[in-house]
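*Asks:* Sharing a structure with you now.
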Amino acid sequence: MPSNLEYYRERWDNAKVRFDLSYGMFDDEKLVGFIINGIDKRNGDIIAFNTGTGVIPEHRGKKIVKSIYEYALKDLKQNGITKCSLEVIKENVIAIKSYESIGFKKCKNYKCFKGKIHIEDKRSIELNEIDYTIFDMINLPNQECYSWDNHKNSIKDGNYRYFEVLKDQIPESYFVINPVNGYLAQFDLLNQNESGWCHLFLGIQSICKTVKINNVDETLLDKLNYLNSIDLNNIVDQYEMELKI
């Protein structure tokens, strides 16, 4: 876990955290467990996304997260929230069972990657850098497949740069990246063709050779197949879980 407070300030700002709709459990005046919620309207629901959960070690095993949610769900509903969602690592069986006991159900499967891009190709790639205003007006594919932190509403205030990859001066694909740490928030083809993925990652490689990619939806087979073909490391798999309230 990062210890830099600025990391959390930036991340929680981007995730649209509302502290008035986040919750903690206290032992006397000591915080022993918490749920930090980002709030936003997406796909017709007003969602409370759990962007951070914690319980201090000596209080684990006491169903504190479940108790917090029992209180929070009523309060969230009174404040117009229609759905809760969260992400959990697939290997964290204890947490998954806890969330399922509250009523959460698995709704998406995600894969996370990182590594150095190795594409030996000498062709020149034309990039066009744009700002968020133009990016937001493009008819972008698969937006429903992006996780909370990678959604357009979350990345717009982050430290990202937006690029189109052009072929014959026509946008063929796009990507959104933080060039400081190589975090690739969004990337996809705008026009399907055999060499599109190669062109796209040649463009990405020209900005950052080492990348980190969180939460690629497992239904996007072409995207996953290409990531595997360039030997990026699949570092962890996650579920997205949701609960209608």
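We did not get these values from a lab; they are worked out from the coordinates using the rules stated. Fair warning: this is a prediction, and the values are worked out from it, not measured in the lab. Every residue, glycine among them, receives a Cβ derived from its backbone with ideal geometry; neighbour counts consider all protein chains shown.
*Asks:* Using 0.36 nm per residue, how much length does the chain from L220 to C107 gain when fully extended, once their Cα-Cα distance is taken away?
*Replies:* Separation in residues times 0.36 nm, less the Cα-Cα distance, equals 39.2 nm.
*Asks:* Shifting gears a bit: Starting from the Cα gyration tensor of segment 113-239, take the square roots of the eigenvalues, sort them a ≥ b ≥ c, and report rounded, prolate or oblate (rounded when a/c is under 1.5, otherwise prolate if a/b is larger than b/c, else oblate).
*Replies:* Rounded.
*Asks:* Sticking with this structure for a sec: For a test of the definition: using alpha carbon positions, the gyration tensor, and the 1.5 limit on a/c, classify segment 5-110 as rounded, prolate or oblate.
*Replies:* Rounded shape, in that the Cα axes give a/c under 1.5.
*Asks:* Moving to a separate point now. Give me a comma-separated list of calculated 3J(HN,Hα) values for segment 121-134, in order, Karplus coefficients 6.51, -1.76, 1.60 applied at θ = phi - 60°, integers in Hz, x for any Gly or Pro.
*Replies:* Listing the rounded values in order: 8, 8, 5, 7, 10, 9, 10, 10, 7, 10, 9, 4, 4, 5 Hz.
*Asks:* Moving on to the next point. Write down, largest first, the equivalent ellipsoid semi-axes of segment 41-167 in whole Å, where each equals the square root of 5 times an eigenvalue of the alpha-carbon gyration tensor.
*Replies:* 37, 20, 12
*Asks:* If you don't mind, another one. Pop the C-beta distance of L166 and S195 into the FRET formula with R0 = 22 Å and round what comes out to the nearest 0.05.
*Replies:* The formula returns an efficiency of 0.95 here.
*Asks:* To continue, here is another question. Highest mean first, how do 97-108, 18-29, 37-48 rank when packing is the count of other Cβ atoms within 10 Å averaged over residues?
*Replies:* Descending packing order for the listed peptides: 37-48, 97-108, 18-29.
*Asks:* Follow-up. Which FRET efficiency, nearest 0.05, do L31 and K152 yield, Cβ-Cβ r, R0 41 Å?
*Replies:* Once rounded, the FRET efficiency stands at 0.80.
*Asks:* Take each of the peptides 222-233, 207-218, average the number of other beta-carbon atoms within 10 Å over its residues, and list them starting from the highest.
*Replies:* In descending order of packing, they fall as 207-218, 222-233.
*Asks:* Compute the helix-to-body angle for 196-207: its Cα long axis versus the longest principal axis of the chain, expressed 0 to 90° and rounded to tens.
*Replies:* Helix 196-207 sits roughly 80 degrees off the main axis of the chain.
*Asks:* Ranking I94, I35 by Cβ neighbours within 10 Å, fewest first, what do you get?
*Replies:* I94, I35
*Asks:* In addition: So if R0 is 35 Å, what FRET efficiency would R60 and Q143 give, r being the distance between their Cβ atoms, rounded to the nearest 0.05?
*Replies:* 0.40
*Asks:* Sticking with this one: Just grab the label-to-label distance for R18 and K41, each label 7 Å out from Cα along the Cβ direction, in nm (one decimal).
*Replies:* Computed distance between label sites R18 and K41 equals 1.2 nm.
*Asks:* Just how large is the dipole of segment 5-110 about the Cα centre, in debye to the nearest 20, putting +1 at every Lys and Arg Cβ and -1 at every Asp and Glu Cβ?
*Replies:* 540
*Asks:* Another question about this same structure. Relative to the longest principal axis of the C-alpha atoms of the chain, give the angle of the C-alpha long axis of helix 93-102, reported between 0 and 90° and rounded to the nearest 10°.
*Replies:* 60
*Asks:* Using θ = phi - 60° and the Karplus form 6.51 cos²θ - 1.76 cosθ + 1.60, what ³J(HN,Hα) does each residue of segment 35-44 get, whole Hz, x for Gly and Pro?
*Replies:* Couplings: 9, 9, 10, x, 10, 6, 8, 9, 6, x Hz.
*Asks:* For the chain, what D do you get in µm² per second when you plug the Kirkwood radius from alpha-carbon pairs into Stokes-Einstein at 4 °C and 1.567 mPa s?
*Replies:* My calculation gives 66 µm²/s for D.
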